[in-house]
1. Taking ARG167 as the residue in question, decide whether it is under 16 Å from the mean Cα position of the chain (by Cα), more than 16 Å from the ligand (Cβ to nearest atom) and either assigned to a loop (DSSP other than H, G, I, E, B) or at pLDDT 95 or above (or both).
2. I'd like the full set of residues that are part of a loop (DSSP other than H, G, I, E, B) and crowded, with 23+ Cβ neighbours inside 10 Å, limited to segment 182-198.
3. Could you name every one of the helices (runs of 4 or more DSSP H) located completely within segment 50-153 that has at least 2 residues being in contact (Cβ under 8 Å) with a residue 60 or more places away in the chain?
4. Going through segment 104-139 one residue at a time, which ones are hydrophobic (A, V, I, L, M, F, W, C), more than 24 Å from ILE247 (Cα to Cα) and more than 15 Å from the ligand (Cβ to nearest atom)?
5. Would you check if GLY242 is in a loop (DSSP other than H, G, I, E, B), crowded, with 20+ Cβ neighbours inside 10 Å and among the small types (Gly, Ala, Ser)?
6. Given the conditions (1) within 19 Å of LEU22 (Cβ to Cβ); (2) loosely packed, with under 15 Cβ neighbours inside 10 Å; (3) touching a residue at least 12 places away in the same chain (Cβ under 8 Å); (4) away from the ligand (no atom under 16 Å from the Cβ), which single one is not true for PRO215?
Amino acid sequence: MPRTCVVTGAASGIGAATKRILEERGNKAIGVDIQSTNVIADLSTKQGRLDAAAKAVEAAGGSVDAVIACAGLAHPIAKTVSVNYFGMTEFLNALVPVLAKSSSPRVALISSMASLMPNDADLVTAMCVEDDEEKAVARAQQLVDIGEGMEQLIYGSTKRAISRWVRRESPKPQWAGAGIPLNAVGPGIVRTPMTAEMIATAEARAGLDQVVPMPLNYYLEPEQVAYLLIWLTSEENTHLCGQTIYIDGGSDAVLRGDNIWELAES
Ligand code: NAD
């Protein structure tokens, strides 16, 4: 059965690959992005998110089966908080009432392997515990102002917060209770415009390999993440709830090792 899916970040990279593959398979895919797609919207503002959701539903003809949230920034700036965290959570919350009317609603979004990296605890708390955008943006700006590498904690903090949000929200009545699996993917390094500069030279790649080791098949192409996002939002996914699936060539297994259940047992 063809499905109707909304894909954010559809103008580039993983979002563009996801939209294209969905369409090749006979589905209807409505792109949302700040540039060159069906619905042009700025997910960094509250109004932009609400407008984006309303226009996406209109473009979809009133019914949506799945939402795949890919739009994101990797810049070490305060705006990254607004796009990566609130640009996903508020956009998705706005679409829940429409999704709940589908016979097989699904949601997937993109976290990152960076969710496992060092982060700023105050920033993470302002996002996924306090849900306070103003406070989160102010804390991110503080990190930028302090400098000395502190601004590099912003991206990982947004991804830690999004994975925690997914885990906390997914079992609730509005998600699991409404039959909506809510999950995330956590990619390692994917060859997209976001990472082009980071992996441009052998020296840069060698440095990155220390931080993000990928023994299985090395860097990803955007399509390889898209296939997982599409499966997570397909009718075949009936019971995954609140997971971040690390599609990372082995980074998580290398870096966290085999004893990640220790916390739960103590
Ligand atoms: P990309 O830069 O190719 O695509 C990101 C898209 O988001 C762009 O089309 C951009 O226009 C859109 N976007 C940015 N700000 C926006 C805004 N304010 N409103 C609406 N749209 C906006 O990057 P990508 O690599 O495809 O990244 C997609 C997602 O995957 C991001 O959330 C990123 O953090 C995540 N991710 C990427 C990698 C990687 O290695 N590329 C790894 C892990 C996670």
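1. yes
2. Selection gives GLY188, ILE189.
3. In segment 50-153, 87-99, 133-146 are the helices (runs of 4 or more DSSP H) which contain 2 or more residues that are in contact (Cβ under 8 Å) with a residue 60 or more places away in the chain.
4. The answer is ALA121, LEU123, ALA126, VAL129, ALA136, ALA138.
5. Considered against the rule, which asks whether it is in a loop (DSSP other than H, G, I, E, B), crowded, with 20+ Cβ neighbours inside 10 Å and among the small types (Gly, Ala, Ser), GLY242 comes out as yes.
6. (1)
Table: residues versus (1) in a loop (DSSP other than H, G, I, E, B); (2) within 14 Å of the ligand (Cβ to nearest atom); (3) under 21 Å from LYS159 (Cβ atoms).
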residue	(1), (2), (3)
GLN174	yes, no, no
ALA200	yes, yes, no
GLU203	no, no, no
GLY207	no, no, yes
VAL225	no, yes, yes
GLU236	yes, no, no
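The values are calculated or read from the model by the stated rules, or taken from the named source; none is laboratory data. Note that this is a predicted model, so its numbers are computed, not measured. As a convention, Cβ positions derive from the backbone with ideal geometry for all residues, glycine included, and neighbour counts pool all protein chains shown.
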